[in-house]
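The values are calculated or read from the model by the stated rules, or taken from the named source; none is laboratory data. Just so it is clear, the structure is predicted and the values come from calculations on it, not from any experiment. In this analysis, Cβ positions are derived from the backbone assuming ideal geometry, glycine residues included, and neighbour counts consider all displayed protein chains.
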Amino acid sequence: MKVAVSATNGNLEAQIDPRFGRCQYFVLVDTDTMAFEAVQNASAGSMSGAGIQAAQAIVEKGAQAVITGNVGPNAYQVLSSAGTKILTGASGTVREAVEKFKGGQFREAATPGPAGSGMGPGMGRGFGMGMGRGRGMGRFSSTPYYQTPASPDMQAPPLSREQEISMLESQMDMLQQQLNLIKKRLEELKGFGQ
């Protein structure tokens with residue numbers, strides 16, 4: 001079986017990148033032989049739609065399952081529509097994750113709510129990539145939203161310090177880009193009637 005693992009680098013010893021759509025690499029592994037192909041994630045720096053683009057790329061590569069930390073609702077939709085198994089909550093190295101997969105230690109992810117339905121403290125899942133989305137109140141918890149398990153019966157492993165820093169930096173960049181777009185649109189609207 002061919003599985004795609006979100007990773008920080010393009011080899012079997014790379015750490016799992018908990019971000020599906022914005023991971024640096026996907027390592028496609030044949031679970032029978034452990035032969036692999038590293039694919040750089042072309043959508044990692046996208047302004048929006050990174051999860052959808054990444055999911056489409058994985059489907060085109062023929063992966064039958066995805067192993068990652070977390071998958072957003074739009075990427076989930078693309079993957080599940082293609083019949084690709086989605087396994088979340090992964091940590092450690094790519095090799096360790098594939099071994100756990102072969103040992104049946106992952107459960108398929110539960111269906112996430114719609115974009116903006118809220119997975120964390122007031123932010124809305126995915127930070128609402130479009131106007132009017134991502135305003136869900138979420139559930140208030142001391143656990144950061146990116147460590148919230150996909151389903152109540154799963155326990156997400158804690159992120160390493162490096163993974164959390166990387167994830168927070170990526171989210172900060174994404175929020176800054178969104179803020180710039182909002183400012184630009186406000187300026188357009190204010191200048192329109194003058």
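The set of residues in region 1-10 that are part of a loop (DSSP other than H, G, I, E, B) and within 18 Å of the chain's Cα centre (by Cα) comprises THR8, ASN9, GLY10.
Scanning region 73-83 for residues that are surrounded by fewer than 24 Cβ atoms within 10 Å (Cβ to Cβ) and in contact (Cβ under 8 Å) with a residue 40 or more places away in the chain yields a total of 2. Residues that are touching a Leu at 6+ places or on another chain (Cβ under 6 Å) and free of Cβ contacts under 8 Å to residues at least 40 places away in the same chain within region 84-103 comprise just one, ILE86.
Among residues belonging to region 34-65 that are closer than 25 Å to ALA110 by Cβ and among the hydroxyl-bearing types (Ser, Thr, Tyr), point out the one that is surrounded by the most Cβ atoms within 10 Å (Cβ to Cβ). Once the filter is applied, the top-ranked residue is SER43. Cβ-Cβ distances below 7 Å connect the following pairs, each with a first residue in region 33-60 that is free of Cβ contacts under 8 Å to residues at least 60 places away in the same chain and of a type in the set (Gly, Ala, Ser), a second residue that is crowded, with 17+ Cβ neighbours inside 10 Å and assigned to a strand (DSSP E or B), and a separation of six or more residues or different chains: ALA38/TYR25; ALA38/VAL27.
For region 66-82, name all the residues that are hydroxyl-bearing (Ser, Thr, Tyr) and closer than 17 Å to ARG107 by Cα. Those that are hydroxyl-bearing (Ser, Thr, Tyr) and closer than 17 Å to ARG107 by Cα: THR68, TYR76, SER80.
Considering (1) more than 17 Å from the chain's Cα centre (by Cα); (2) modelled with pLDDT of 90 or more; (3) polar (S, T, N, Q), the lone condition that GLN105 does not fulfil carries the number (2). Set side by side, the residues THR68, THR31, THR8 differ, and just one is of a type in the set (S, T, N, Q), in contact with a helix residue (DSSP H, G or I) (Cβ under 6 Å, 6 or more places away or on another chain) and either farther than 13 Å from THR93 by Cβ or surrounded by fewer than 24 Cβ atoms within 10 Å (Cβ to Cβ) (or both), which is THR31.
Within region 11-28, being assigned to a strand (DSSP E or B) and either of a type in the set (Val, Ile, Thr) or more than 17 Å from GLY89 (Cβ to Cβ) (or both) holds for ILE16, TYR25, PHE26, VAL27, LEU28.
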